[in-house]
There are 2 protein chains.
Amino acid sequence: MTDTAPRPTLEAVAARAGVSRATVSRVVNGGDGVRDNLVERVRKAVDELGYVPNQAARSLVTRRHDAVAVVVAEPETRVFADPFFALQLRGISKELTAHDNQLVLLLTEGRDDHARVGRYLAGGHVDGALVFSLHLDDPLPELIQRAGVPTVFGGRPGWSGDRRGVVYVDSDNRGGARDAVRHLAGLGRTRIAHITGALDQTSAVDRLDGYRDVMVDADPRLIAEADFTPAGGERAMRELLDRCPDVDAVFAANDLTASGALRVLRETGRRVPDDVAVIGFDDMQPVAEQTDPPLTTVRQDIEEMGRLMARLLLRGLDRGAPREGVAGRPSSVVLPTTLVRRASA
Amino acid sequence: MTDTAPRPTLEAVAARAGVSRATVSRVVNGGDGVRDNLVERVRKAVDELGYVPNQAARSLVTRRHDAVAVVVAEPETRVFADPFFALQLRGISKELTAHDNQLVLLLTEGRDDHARVGRYLAGGHVDGALVFSLHLDDPLPELIQRAGVPTVFGGRPGWSGDRRGVVYVDSDNRGGARDAVRHLAGLGRTRIAHITGALDQTSAVDRLDGYRDVMVDADPRLIAEADFTPAGGERAMRELLDRCPDVDAVFAANDLTASGALRVLRETGRRVPDDVAVIGFDDMQPVAEQTDPPLTTVRQDIEEMGRLMARLLLRGLDRGAPREGVAGRPSSVVLPTTLVRRASA
DNA sequence: GGCGTGCGCGAGAGCGCTCTCACCAGTGTG
DNA sequence: CACACTGGTGAGAGCGCTCTCGCGCACGCC
């Protein structure tokens with residue numbers, strides 16, 4: 001398709017400006033140590049010819065790509081079910097763009113794909129990687145570690161391997177959960193239940209831990225396991241009502257789960273929040289605002305998480321920031337959450 | 001970080017296998033015309049050394065990148081508000097992966113970014129582009145056309161420029177809308193209203209056209225304009241009830257809008273579907289299944305759209321398919337939709 | 001046995017860039 | 001006035017790969 005006209009090379013620009021390739025290269029890469037009038041001449045030639053550097057040739061010698069891989073491990077279908085992923089991606093994209101880096105997206109699907117991703121990363125196509133891998137038993141983190149690619153994880157990797165040098169960005173799931181449960185307690189609720197997320201993910205475990213931090217002696221029957229889905233929420237809520245009909249508050253592991261719980265409560269004739277107060281997690285707009293009643297929930301700044309991941313990675317690559325000495329090695333960050341009060345609690 | 005061990009080159013593999021670079025290259029690229037025992041020897045050397053071809057060096061000479069850009073034009077916040085985007089991306093990713101192509105994601109934010117994207121595409125970093133640009137007045141398509149990069153659009157580009165050679169993949173928005181409205185009519189409804197989407201997007205226009213196809217002499221007061229959001233749906237529904245209190249069915253431009261409409265109907269004491277039947281569009285899982293009552297809606301196969309876009313592009317690049325003569329130039333595709341019956345109509 | 005034929009392989013050029021190094025002013029110093 | 005010294009510039013090597021070309025060899029034909 002569209003036979004591209006042969007693109008001008010450094011050589012051509014040099015000829016037109018009447019200087020050497022080296023000088024053009026210097027100008028293109030910042031222009032330090034070149035006399036102003038020459039810089040001018042070269043710039044002009046570049047514009048006239050519409051010269052754009054050939055990235056492949058450049059990478060070949062510099063061994064830099066100005067590209068970062070974003071790896072999303074399937075079957076994180078959850079990642080697709082909510083805008084989480086898109087928002088995070090947007091944050092990442094903004095930050096990378098600001099530092100002239102490209103975003104190479106790697107979506108994995110099943111086990112074979114892990115090998116593919118490992119190969120790709122080891123292949124040195126990118127300078128670093130941002131990895132989303134929420135499951136505890138995911139082999140990806142190890143694989144990546146072995147590939148020797150600078151990496152920042154999205155969410156605390158629940159991972160038994162070597163922890164040294166692992167950098168991640170996460171929300172304060174535990175703290176957010178505590179806030180939610182405390183809020184319910186502050187409302188005078190005493191039979192506060194928790195519907196967990198999928199416990200093979202660190203975020204679910206952390207939220208459960210936060211619940212336990214406050215409900216130190218919680219009746220174990222007040223904890224029902226679910227999987228971050230509305231259907232799971234319904235099932236868990238029924239269980240809960242079965243075991244403890246007098247439950248007066250529910251902290252659900254996320255908004256989707258809460259929406260399922262809400263529906264069961266309505267079906268069984270409970271008024272929310274009068275009879276049972278409900279709090280979710282995520283502040284996932286289309287869900288939290290559309291439930292009946294609108295959901296009180298714990299918000300996390302998802303886009304900021306993405307941006308921060310990218311920033312940490314670039315810093316680790318000695319880019320995107322004036323190198324702050326040798327000590328600039330990034331470390332993990334946990335972002336705060338905020339309770340958003342709506343009508344359900 | 002992690003000083004990468006110097007990666008083995010073709011040269012090294014050649015030395016170890018006792019053959020020339022050329023032969024190694026042949027083996028790595030398919031191994032045609034090399035005797036079996038040599039192929040064997042080379043493969044062994046490759047494995048032992050953990051050789052991975054340097055893509056930059058390869059691109060430098062082949063002028064191929066095996067990479068495709070996916071451009072998502074902001075402020076398509078809508079794209080982020082629903083799983084649409086993620087699903088499409090997944091479809092694209094699957095197809096690209098199957099043909100060993102990388103996915104470079106370009107998210108744009110505001111006008112400056114258009115220039116950036118244009119520069120990037122013109123810079124010949126990728127072999128082709130998949131572009132999502134839903135707004136009628138978006139300058140991006142023209143820009144890309146000028147960059148001379150093979151492109152497939154997601155959704156019919158509403159675009160006044162030169163149409164020749166424009167390839168897109170879209171859902172049958174118009175046909176889906178017709179099905180929905182016919183279904184309502186089949187239910188015996190006669191006062192069928194339509195809440196439109198944002199009419200600066202072709203999908204919204206097409207759905208409106210579909211509605212009009214069936215409701216040829218529709219009372220104009222039965223059409224209310226909204227913007228694909230729940231809030232817009234609420235507003236439009238109130239308008240509608242105000243103008244025509246006897247409305248007995250609503251076809252909303254998408255599920256989000258329908259959810260807003262549903263809420264207003266409930267508030268005003270209408271029973272759904274008994275008093276007013278409601279149909280949405282998209283079959284966006286977390287919304288359509290969670291509304292009360294669950295939403296009847298028009299489903300589009302979003303992932304397939306993505307996959308198809310990628311397939312068309314690769315075919316246009318003479319890849320991913322045995323070249324079917326010169327006639328293999330791809331043309332646009334419109335995918336069918338299906339009506340999903342739930343409780344609301 | 002001489003000759004054409006075709007296949008398998010190696011030699012070598014060159015893709016477009018960066019970067020080191022040597023060179024050539026021009027300036028300041030003894 | 002000879003000397004080092006500096007800062008701007010060009011020459012040239014080389015990054016790791018692909019691909020064309022030509023050579024050598026085995027085969028089949030006359």
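Summary of values
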read-out: For chain A, fraction of C-alpha pairs farther apart than 26 Å, in %; value: 57 percent
read-out: Candidates B:Glu142, B:Glu303, B:Glu48: whichever shows maximal mean-square fluctuation once chain B is modelled as a Gaussian network with Cα springs under 10 Å; value: B:Glu48
read-out: For chain A, built as a Gaussian network whose Cα springs stay under 10 Å, the top-fluctuating residue of A:Ala258, A:Ala204, A:Ala231; value: A:Ala231
read-out: Kirkwood Rh (inverse of mean 1/r, distinct Cα pairs), the stretch A:191-279, angstrom; value: 12.4 Å
read-out: Helix axis angle, B:173-186 relative to chain B longest principal axis, alpha carbon, degrees; value: 30 degrees
read-out: Size of the protein assembly as shown as Cα extents on the principal axes (Å, biggest first); value: 79, 67, 60
read-out: Other-copy label distances relative to B:Arg146, 7 angstrom Cα-Cβ extension, nm; value: 4.9
read-out: Using a Förster distance of 45 Å, the FRET efficiency for A:Asp219-B:Asp213 (Cβ separation, nearest 0.05); value: 0.15
read-out: 5 angstrom amide H check on B:Val131, placed H, neighbours 5+ away; value: B:Val71, B:Val152, B:Phe153, B:Gly154
read-out: Trypsin sites (Lys or Arg not before Pro) restricted to DSSP loop in the stretch A:40-70 with at most 16 other C-beta within 10 Å; value: A:Arg63, A:Arg64
read-out: Residue of B:Val68, B:Val126, B:Val27 that the Gaussian network model of chain B assigns the largest fluctuation, springs spanning Cα pairs under 10 Å; value: B:Val27
read-out: Inter-copy spacing of A:Leu187 label points, which lie 7 Å from Cα along Cα→Cβ, given in nm from shortest upward; value: 3.4
read-out: FRET efficiency, B:Asp47 to A:Asp274 (Cβ-Cβ, R0 60 Å, nearest 0.05); value: 0.30
read-out: Other copies of A:Arg35: label-to-label distances in nm, shortest first, labels 7 Å along the beta-carbon direction; value: 6.2
read-out: Sequence-distant residues sharing a close amide H with A:Gln102 (under 5 Å, placed H); value: A:Ala67, A:Val68
read-out: Prolate/oblate/rounded label for the stretch B:10-53 (Cα gyration tensor, a/c 1.5); value: rounded
read-out: The stretch A:1-152: Rg to Rh, with Rh as the Kirkwood radius over Cα pairs; value: 1.12
read-out: Rounded tilt (10° steps) of B:36-49 against the dominant C-alpha axis of chain B; value: 80 degrees
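Any read-out appearing in this document is the output of simple, stated calculations on the displayed coordinates, not a laboratory observation. No experiment lies behind these values; they were computed from the predicted model shown. Reconstructed Cβ throughout: ideal geometry from the backbone, glycine too, with neighbour counts over all protein chains shown.
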